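Novice: Got a structure here, written out as structure tokens. Questions coming.
The values are calculated or read from the model by the stated rules, or taken from the named source; none is laboratory data. Since the model is a prediction, treat every value here as computed from it, not as a measurement. Positions of Cβ are generated from backbone atoms using ideal geometry, with glycine treated the same way; all protein chains shown enter the neighbour counts.
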Amino acid sequence: MSFTLHGLPVSGGIAIGQAHLISQATLEVSHLVIAPRQVEKEVARFDAALERVRAEFEAMKNSLEKSPADMRAFIDLHRMILDDPELSEVPRQIIRERRCNAEWAIVQQMEMLVEQFERMDDAYLRERSYDVRQAVERVVRELAGRSDHVANRLKKLKGERLVVVAHDLSPADMMAFKNQDFASFVTDVGGATSHTAILARSMGIPAVLGLHHARQLIRDGETLIVDGARGVLIVNPDPRILEEYELRKTQLELEDSKLKRLKTARATTLDKIKIDLLANIEGPADVEAVIEYGADGVGLFRTEFLFLERGEMPGEDEQFESYRKTVKGMDGRPIVIRTFDLGNDKTLHVEEAPGGRKRVNPALGLRSVRLLLSDPNVFLAQLRAILRASRYGKVKILVPMFSHAFQVDQTLALLEQAKSSLRGEKTAFDESIEIGGMIEVPAAALAVGTFLRRLDFLSIGTNDLIQYTLAIDRADEQVANLYDPLHPAVLMLLSHVIGSAEKAGVPVSMCGEMAGDPDFTRLLLGLGLRQFSMFPARIPAVKQRVKQSDISAIEPVARRIARLDESAKIAEQIERLNAL
Ligand code: PEP
Ligand code: MG
């Protein structure tokens, strides 16, 4: 049966492929068929993982000797759950009978048990379904291990055009797919500027989020059409629709290749003002796209993505190697390396460990520079790694999420400490390296003078700035309709920051999603922005808009727009501005 679902259009383009269903978030497991001679090995892998989790429970219990009794009782309960033959024996049978991977076997069995618990009348027993999930989750994590990540296992599927269908995908999950040949992603939850959406865009593949029930309604292997620009998902399309979409897909690809011809053209306005079009990247593998799309440099290297899919913080040397590789790949073009922006939705597994405490409000919690300053050794190691890489090219350091002046002062003191330790070791680095701060908290935008006085440059992160200004969780599809880059309050902040930086003679760029949307290019040019950083694939369309713009004509209009206090009027005026 054919049907259509509507969600949030987060990454444009058209994809046609087969559905590949992924289980929920942490219990994300793929179904893999195991070769007959590998079956006993898979059973042994399952047994070993179970044994490691049991040992882990034992160690936890011992270390909790003096903790409250109910904490120990909890661990006992989880241990009992895993000792039950339903979870220790039945998955072994499933692996043997269905020749499937251990993760899939235990999750299938878990889902069956959870369903039984949930049907029980007794509220206490119903609640136990959570314990079953949590206990199984530990085993699944153990099975996934560090070297045997889901991405490695999925390599077997490479080459087919697959559309990943999931309830949710965390940024760490997404990183596991980064090197896979997937046609598209669709999920039930997630907002338009969630990091999941950002990664889909950076991979240049169509994606639709916030589809609500896609994971439930779609079956593995069904044919799907994903229209990323319109946020539409068509399941089992009839041949006429399929043909129509195949044609549109070819047309889009043609338009893209035409735009790409702008690669070597300079991004100069009609009145001869040179605009820097920079790229947002997540690692050395993206350098190829930076060059391919003709970026002037990298305006944002989100370093946390390099290490997000693994379970531990990388050491200084490992970071240095990744940064050096990226810097060298840039071949002299400038590169802005942002220090770790972890916390909130971007978490390493190790971070979840301390006490297993679930934070109430992670976007407002120990995230980003706050987390870095709370662990100066981690921060110092990263600063040293970046400094060491700075001798291989034009490197600048960018620190995310400043809100207080003392955070800048502490960061500068740590940078000085990192420099002097390197001098002591006679390690070369760029002595005059510039350090900038992201403006993504409304307080920092309003009190921007504090940051202009202390830093060499600023970069506006509109994704977070909008989230915090409008009190909208950028990853929550239920409030996605309220996420509005053209809200008068947002424009007032942008205009204030860009204008103040211009007056102070401090360079300011923008690296949030707004910078890569050609519909906002003229408005931002008119407000005085001269550096835009975006996904490499966005550069040609923005460049085309820059080349068609006359700043002297659009400046007065843009300044008037930024003073309006009605969203509808703003949208109408921007449409006119774009038609000039
Ligand atoms: C932003 O907030 O706009 C930004 C560029 O940072 P990130 O999207 O990584 O939070
Ligand atoms: Mg941000």
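Novice: Can you tell me which condition GLY299 does not meet? The list is (1) within 16 Å of ligand 2 (Cβ to nearest atom); (2) within 17 Å of GLN544 (Cα to Cα), and all the others hold.
Specialist: It is condition (2) that GLY299 fails.
Novice: From LEU470, LEU452, grab the single residue that is more than 16 Å from ligand 2 (Cβ to nearest atom) and not aromatic (Phe, Trp, Tyr).
Specialist: LEU452
Quick grid of which residues meet (1) within 25 Å of GLY436 (Cα to Cα); (2) among the basic types (Lys, Arg); (3) surrounded by 22 or more Cβ atoms within 10 Å (Cβ to Cβ):
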site: GLU502; (1), (2), (3): yes, no, no
site: GLY505; (1), (2), (3): yes, no, no
site: ALA515; (1), (2), (3): yes, no, yes
site: ASP565; (1), (2), (3): no, no, no
site: ALA571; (1), (2), (3): no, no, no
site: ILE574; (1), (2), (3): no, no, no
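Novice: Something else: For the condition modelled with pLDDT of 80 or more and under 13 Å from the mean Cα position of the chain (by Cα), what is the one hit in GLY221, GLY191, GLY204?
Specialist: Values: GLY221 fails: under 13 Å from the mean Cα position of the chain (by Cα); GLY204 fails: under 13 Å from the mean Cα position of the chain (by Cα).
Being modelled with pLDDT of 80 or more and under 13 Å from the mean Cα position of the chain (by Cα) holds for just one of GLY221, GLY191, GLY204, which is GLY191.
Novice: A further question follows. For ARG530, state whether it is away from ligand 2 (no atom under 16 Å from the Cβ) and of a type in the set (Lys, Arg).
Specialist: yes
Novice: Something else now. If I ask for residues that are touching a strand residue (DSSP E or B) at 6+ places or on another chain (Cβ under 9 Å) and under 17 Å from ARG266 (Cβ atoms), which ones from region 289-298 would you list?
Specialist: Answer for region 289-298, where residues must be touching a strand residue (DSSP E or B) at 6+ places or on another chain (Cβ under 9 Å) and under 17 Å from ARG266 (Cβ atoms): VAL290, TYR293, GLY294, ALA295, ASP296, GLY297.
Novice: Moving on. Give me the residue from region 423-448 that is surrounded by fewer than 18 Cβ atoms within 10 Å (Cβ to Cβ) and not in a loop (DSSP other than H, G, I, E, B) and, out of that set, farthest from ligand 2 (Cβ to nearest atom).
Specialist: Taking the candidates together, the pick is GLY424.
Novice: A follow-up question, please. Here is a check on your reading of the model: is GLU42 assigned to a helix (DSSP H, G or I), at pLDDT 80 or above and more than 35 Å from the chain's Cα centre (by Cα)?
Specialist: Considered against the rule, which asks whether it is assigned to a helix (DSSP H, G or I), at pLDDT 80 or above and more than 35 Å from the chain's Cα centre (by Cα), GLU42 comes out as no.
Novice: Residue pairs, Cβ under 8 Å, 6 or more apart or interchain, first in region 337-362 and among the small types (Gly, Ala, Ser), second modelled with pLDDT of 60 or more and surrounded by 14 or more Cβ atoms within 10 Å (Cβ to Cβ). List them.
Specialist: Every condition considered, the pairs that remain are GLY343/PRO362; GLY343/LEU366; GLY343/ARG367; GLY343/SER368; GLY343/ARG370; GLY343/LEU371.
Novice: Out of contact with any helix residue (DSSP H, G or I) (no Cβ under 9 Å at 6 or more places or on another chain) and within 16 Å of ligand 2 (Cβ to nearest atom) - does that describe any residue in region 384-404?
Specialist: Yes, region 384-404 contains at least one residue that is out of contact with any helix residue (DSSP H, G or I) (no Cβ under 9 Å at 6 or more places or on another chain) and within 16 Å of ligand 2 (Cβ to nearest atom).
Novice: Considering only region 316-329, I want to know if a residue exists there that is within 19 Å of CYS511 (Cα to Cα), crowded, with 18+ Cβ neighbours inside 10 Å and modelled with pLDDT of 95 or more.
Specialist: yes
Novice: Determine whether region 481-491 contains at least one residue that is touching a residue at least 12 places away in the same chain (Cβ under 8 Å), within 13 Å of ligand 1 (Cβ to nearest atom) and of a type in the set (A, V, I, L, M).
Specialist: yes
Novice: Assess whether LEU524 counts as being within 16 Å of ligand 1 (Cβ to nearest atom) and in a loop (DSSP other than H, G, I, E, B).
Specialist: Here the answer is no, as LEU524 does not meet what is asked.
Novice: Tell me, which residue of region 294-306 that is in contact (Cβ under 8 Å) with a residue 40 or more places away in the chain and more than 16 Å from MET510 (Cβ to Cβ) is surrounded by the fewest Cβ atoms within 10 Å (Cβ to Cβ)?
Specialist: GLY294
Novice: Could you please find all residues in region 457-472 being of a type in the set (Gly, Ala, Ser) and either away from ligand 1 (no atom under 11 Å from the Cβ) or not in a loop (DSSP other than H, G, I, E, B) (or both)?
Specialist: Keep residues of region 457-472 that are of a type in the set (Gly, Ala, Ser), which gives 459, 461, 471.
Passing the criteria: SER459, ALA471.
Novice: Could I ask something else about it? Tally up the residues in region 271-293 that are loosely packed, with under 14 Cβ neighbours inside 10 Å and under 16 Å from VAL546 (Cβ atoms), please.
Specialist: Within region 271-293, residues that are loosely packed, with under 14 Cβ neighbours inside 10 Å and under 16 Å from VAL546 (Cβ atoms) number 3.
Novice: When the residues of region 354-363 are narrowed to those that are under 21 Å from the mean Cα position of the chain (by Cα) and more than 14 Å from ligand 1 (Cβ to nearest atom), which ends up modelled with the highest pLDDT? Steps first, please.
Specialist: Step one: filter region 354-363 for residues under 21 Å from the mean Cα position of the chain (by Cα), giving 358-363.
Of the ones still in play, those that are also more than 14 Å from ligand 1 (Cβ to nearest atom) are 358-361.
Numbers: LYS358: 53, ARG359: 60, VAL360: 71, ASN361: 83.
The qualifying residue modelled with the highest pLDDT is ASN361.
Novice: Restrict the check to region 410-428 and report whether at least one residue is on the phi < 0 side of the Ramachandran plot, over 21 Å from the mean Cα position of the chain (by Cα), within 16 Å of ligand 1 (Cβ to nearest atom) and not aliphatic (A, V, I, L, M).
Specialist: No, because not a single residue in region 410-428 is on the phi < 0 side of the Ramachandran plot, over 21 Å from the mean Cα position of the chain (by Cα), within 16 Å of ligand 1 (Cβ to nearest atom) and not aliphatic (A, V, I, L, M).
Novice: Oh, and also: On the given criteria, is GLY393 within 16 Å of ligand 1 (Cβ to nearest atom), in the same structural domain as PRO485 (by TED's automatic domain parsing) and small (Gly, Ala, Ser)?
Specialist: No; evaluated as a whole, the condition is false for this residue.
Novice: Which residue pairs have Cβ atoms closer than 6 Å, lie 6 or more positions apart in sequence or on different chains, and pair a first residue in region 117-138 that is more than 19 Å from GLU58 (Cα to Cα) with a second residue that is among the polar types (S, T, N, Q) and assigned to a helix (DSSP H, G or I)?
Specialist: What qualifies is PHE117/SER129; GLU118/SER129.
Novice: Additional query: Return yes when PHE451 is among the hydrophobic types (A, V, I, L, M, F, W, C), within 16 Å of ligand 1 (Cβ to nearest atom) and touching a residue at least 40 places away in the same chain (Cβ under 8 Å) and no when it is not.
Specialist: yes
Novice: How many of the residues making up region 473-511 are part of a helix (DSSP H, G or I) and more than 16 Å from ligand 2 (Cβ to nearest atom)?
Specialist: 19
Novice: Among the residues of region 212-219, is there at least one that is β-branched (Val, Ile, Thr) and either under 30 Å from VAL140 (Cα atoms) or assigned to a helix (DSSP H, G or I) (or both)?
Specialist: Yes, region 212-219 has at least one match.
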